[in-house]
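The structure under discussion appears below in the form of structure tokens.
No value in this document is a laboratory result; all are computed from the given coordinates. Predicted model only: the values in this text are computed from it and were never measured. All Cβ positions, glycine included, derive from the backbone under ideal geometry; neighbour counts span all protein chains shown.
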Amino acid sequence: MKPAPFAYLRARSVAEALEMLGASAHRDADAHTKVLAGGQSLLTLMNLRLARPDQLVDIGGLMELSRTFEDTDSVVLGALVRHRTLETDPKLGKRLPLVAAAAGQIGHVAIRNRGTLGGSLSHADPAAELPLAMLVHEAVIHVESATSGRRTIRAEDFVESIFTTTMQADELLTWVTVPSARPGQGWGFVEFAPRIGDYAQAGAACLVTVAPDGSVAAIRAGLLAAADRPLVVSEPGDEVSGIPTHETWERLAAHWTRNLEPLTDDPDHTRHLCRAALSQALADAYRRARTDQEEAA
Amino acid sequence: MTVEDAFSPLAQRVPLATTVNGRPVTLAVPARLTLADLLRDELHLTGTHLGCEHGVCGACTVLVDGRSVRSCLLFAVQVEGRSVVTVEGLQDHPTTGRIKCAMARHHGLQCGFCTPGMLVTATELIDRHPPEKPLDEACVRETMSGNICRCTGYQGIVRAVLEAAADPATGTTHEG
């Protein structure tokens, strides 16, 4: 349970980190360089020697990337914002309650104290909570490279497959812009795991926008652990007419999970869990939106 | 040493300046050395136990800048400039003292292997919990779920943490 040897580089600024990543990508295309942020997935894999990077670029000391900025309609989160901050910071929780709930489901407190938003997104585990939350929120991910400069990637386009993103080897995830919760919007996040802190077997996240009369104006919902990446499953054409009931959510969840092909030993069981999580998340989101409206009235 | 050896990752020793239990520590460590191995093998602070070495069991939990972390999931070089507190460093901490007494009263340990990690996790839980909201059993169970005990079955541990959280006045003088 000891990691294989590697070369260690400590970045003192974002620019220096980009130089290091650029230099290693340029020097030897076969050499495997990984970015070390919180290390809560990377060290597990390295201790088990499932990952044996040749070189680590440690960005853990870049305090500038631990900052958050509150804009009018969105919140900008640094790549090094920790799960525990997302979970417990009252100001962030007010703007991004779905993200706070998702972050609170990750591992255990000691893991959340170290794990970072950028690390979770870059790792791209299909069962991870934050990639799903970013997808449902329609977040925009900012990446930088020493040679090709800055670009943004929509959360929908960010994950290519299991543990694989559309970032290039010399690119670093720096910031994430997350549209904040709007009035009339309720959130739902439900996950099933064999025990607290364990990897999710299935999970659903959603944002449900409710009109003042109680009818549903919009739904955006997604699933984790249901495919090789987090999935958006809501279909804009499937409107909900009138006031939704328990059956409405059951029907929608069944409809939106009908074609899932989970990569698990028992796809029927996973599909069942996805449907149950989704139905519960939709009902929770609607109830929260209505409660907020009643409190505001 | 040849030039190649000098640049080999195995030979790379990284200078490290950190604080452990209030004392400054300066040394050069292999990049791949985990914080847990630094504490145990280099600094001989063997109160930090290693169970699974991949982040599951929680026995190696220590505080870094006042927050609980798995010392097996941190390289020693990552605590450059930080403050590390191990279970030895909590010897005179009043919260930890209360938990230890409560553990003794409620039979919260048997073989004791998981106990250092339990103490660190419970100390952070109690110290950082908002005082206006009493800790309930569900919250204690959820937080302590990151620490695995294979002896006692958790009942005594949970009772001890709840008691230590509820009654600061009991203090370390209450010897059961």
### Task
Report the charge-dipole magnitude of the protein assembly as shown in Debye, nearest 20, computed about the Cα centre from +1 at each Lys and Arg Cβ and -1 at each Asp and Glu Cβ.
920 debye
### Task
Could you list A:His142, B:His107, A:His108 in order of exposure, starting from the residue whose Cβ has the fewest other Cβ atoms within 10 Å?
B:His107, A:His142, A:His108
#### Entry: segment A:220-237 versus segment B:42-94: alpha-carbon centroid distance in Å
38 Å
### Message
Counting other beta carbons within 10 Å of each residue's own, what order do B:His93, A:His83 fall into, fewest first?
### Response
B:His93, A:His83
## Note on the structure
The percentage of Cα-Cα pairs in segment A:185-296 separated by more than 24 Å is 23 percent
### Cα-based reach from B:Lys100 at 17 Å (exclusive), listing aspartates and glutamates while leaving out same-chain residues under 8 positions away
B:Glu88, B:Asp92, B:Glu124, B:Asp127, B:Glu163, B:Asp167, B:Glu175
## Note on the structure
For A:Ser66, A:Ser234, ascending order of other Cβ atoms within 10 Å (fewest first) is A:Ser66, A:Ser234
### Query
Which value in Å is the Kirkwood Rh of the protein assembly as shown over different Cα pairs?
23.7 Å
### Message
For a test of the definition: using alpha carbon positions, the gyration tensor, and the 1.5 limit on a/c, classify segment A:248-297 as rounded, prolate or oblate.
### Response
prolate
### Qualifying trypsin sites (Lys or Arg not before Pro) in segment A:253-297, DSSP loop, other Cβ atoms within 10 Å at most 14
A:Arg258
### Electrostatic dipole magnitude of segment A:68-176 [Cβ: Lys, Arg +1; Asp, Glu -1; Cα centre; debye, to 20]
420 debye
### Summary
At q = 0.11, 0.15, 0.20 Å⁻¹, the log10 of I(q)/I(0) for segment A:57-189 from a Debye sum over equal Cα scatterers comes to -0.35, -0.66, -1.23
### Summary
So the compactness index of segment B:26-152, its C-alpha Rg divided by 2.2 N^0.38 Å, takes the value 1.05
### Query
Quick one: if you take sqrt(5λ) for each eigenvalue of the C-alpha gyration tensor of segment A:144-236, what semi-axes come out, biggest first, whole angstrom?
29, 20, 12
### Query
Among all the lysines, which ones have a C-alpha under 28 Å from A:Lys94's C-alpha, if same-chain residues fewer than 8 places away are not counted?
B:Lys133
